[in-house]
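Okay, so here's the structure we're looking at.
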Amino acid sequence: MKNSLMMNFTVDKENKQIHVEREFAAPLENVWAAWTQSELLDLWWAPKPYRTVTQHLDFRNGGYWFYAMVGPEGDKHWCRADYSNIRPLAGFCHLDAFCNEAGEISTDMPRTDWDTRFNRKEGATVVEITLTYPSLNDLEKIVEMGFREGFSMAMENLDFYFEEQIRLRREYKPNNRPRVSTYLNFPGNTEEAMLFYKEVFGGEFTGRGLVRFGETELPPENPPLSESDKRLILHAELTVLGGHVLMATDAPESMGFKLKQGDNMHINLEPATREEAERLFGALSAGGTVQMPLQDMFWGGCFGSFTDKFGINWMINQQDA
C-alpha cells in the first residue's frame, strides 16, 4: 500500500462528529464508482477478514443499500444505508444503521448521518466524510468499538483495488488502442490447448504468458481455491496468424462454470473509449441475450458479454491504458 496517501481522522466531541479526509491514487470517476456501485462496494467496504455481500442497492435519492458484513465463520451483520442529496461525482448523504436480515432497523445501535464529498486532485481524488451522531455517548460508543481501525482497513482495501486496476491494465494491455481478438474458455485444459496452438502457429505468448489463478489475488468475495484450481490458467494471450490474438481462460465446474461446445468461444472487442464500448454493446446485443451487462470490473475496466440475435457470442472489454 502507498503509505504516502493522505489520511486525516479527527473526533469533534463538541459537535458529535467524526471527520475523515482520505486520498486515493485514482481518478474521481473511478473513486465515485467504487463508492456507489454494489459490485465494487462488495470488493472493499468490509474490513478483513469480513467481506461485504449486497442484497439490494438503489443509488438514488430515496433509495437504499442493504448489505451484510459476513465473517470468516459465516456470521452476518446486517446494515442499511438510506440515500439523499446525491450530487453526481460531487457527493451524497446517507443515513446508516444496523438492522436485521429483513432490513428492520436496530434500536440497540445509533444511526449515523454520513456526508461524503469527492474532490478532484491532480493524479488523485480526495474523499471528505463527516459523520454525525445523535449524542456524544453514541459517538464515543462507535469510537470504542474500533470504528477508526475498521474504517482504515476498508480504505486500505480500496487502495489495493485501485493498485490492482493499474497493475492489471499494464500487464494485459499497455495502451488503449482498439483491438479485436478471439476469447476461448476451456473446462480445465487451457494450458494444453494453448501450448498446442503455439506449436501449430509458431506464435508467442504476450503479456505475462500463462497466468495461473494461484498467482493473482482475486477479489475477496471469491471462495478459496483448491490447490488444483490454483494451477489452472486465469489468462493467456497468444499471437497467431497475421497478428491475431487468441485469449483463453479455464472455466471448470469446480468454480461454478458449465461449458458446452459452441458456447466456449467469443469474439472479444476492445474499444478505445467507454462511450464506444456502450454503443457497441447496445447495438450488437439488441434482440439477443445478455449474459453479463456492461459494468465496471476489478481489473480496472468495463466488461460485458452477450449472444447476438444471430447466435454469435461477443465480449466487450474496455479499459484505459
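Values in this text are rule-based calculations from the coordinates and carry no lab data. Only a predicted model underlies this, so the values are computations on that prediction, with no experimental measurement involved. A quick note on method: Cβ atoms are made from the backbone with ideal geometry, for glycine too, and the neighbour counts reach across all protein chains shown.
Descriptive notes on the structure:
- Sparse-neighbour loop sites [GluC sites (Glu not before Pro); region 1-101; at most 10 other C-beta within 10 Å; DSSP]: Glu14, Glu73, Glu101
- Computed [θ] at 222 nm, deg cm²/dmol, the chain (DSSP H ≥ 4; -39,500 (n - 2.57); rounded to nearest 500): -7500 deg cm²/dmol
- Rg/Rg_globular for region 18-84, with Rg_globular taken as 2.2 N^0.38 Å and Rg from C-alpha atoms: 1.19
- Computed extension length for Asn264-Ser152: 36.1 nm, one decimal, from 0.36 nm per residue of separation with the Cα-Cα distance subtracted.
- Rounded to two decimals, the Cα-based Rg/Rh of the chain, with Kirkwood Rh, is 1.01.
- Cβ-based net charge around Asp308, under 15 Å, with every Lys or Arg adding one and every Asp or Glu removing one: +1
- Qualifying chymotrypsin sites (Phe, Trp or Tyr not before Pro) for region 200-296 [loop in DSSP, other Cβ within 10 Å: at most 15]: Phe257
- Estimated vicinal HN-Hα couplings, Hz - region 225-235 in sequence order (Karplus 6.51, -1.76, 1.60; Gly, Pro = x): 8, 6, 4, 5, 5, 4, 7, 6, 8, 7, 7
- Relative contact order [Cα under 8 Å, 6+ residues apart], the chain, whole percent: 14
- Karplus-based coupling profile of region 101-113, in residue order and whole Hz: 5, 8, x, 7, 5, 7, 8, 7, 10, x, 7, 10, 8, with θ = phi - 60° in 6.51 cos²θ - 1.76 cosθ + 1.60 and x standing for Gly or Pro.
- A cut-off of 5 Å between modelled amide H atoms, ignoring neighbours fewer than 5 places along the same chain, links Gly188 with Ala251.
- The residues neighbouring Asp96, those whose beta-carbon lies less than 9 Å from its own, together hold a net charge of 0 under the Lys/Arg +1, Asp/Glu -1 convention.
- Helix runs (DSSP H) in the chain reaching 30 Å along axis by Cα, Kyte-Doolittle at least -1.0: 147-172
- Stretch in the chain that is longest and holds no trypsin sites (Lys or Arg not before Pro) that DSSP places in a loop and that have at most 12 other beta carbons within 10 Å: 61-257
- Highest to lowest packing among 31-37, 290-296, scored as the average C-beta count within 10 Å: 31-37, 290-296
- Distance violations [Cα-Cα > 30 Å] among Lys48/Lys260; Lys16/Lys48; Lys48/Lys198: Lys48/Lys260; Lys48/Lys198
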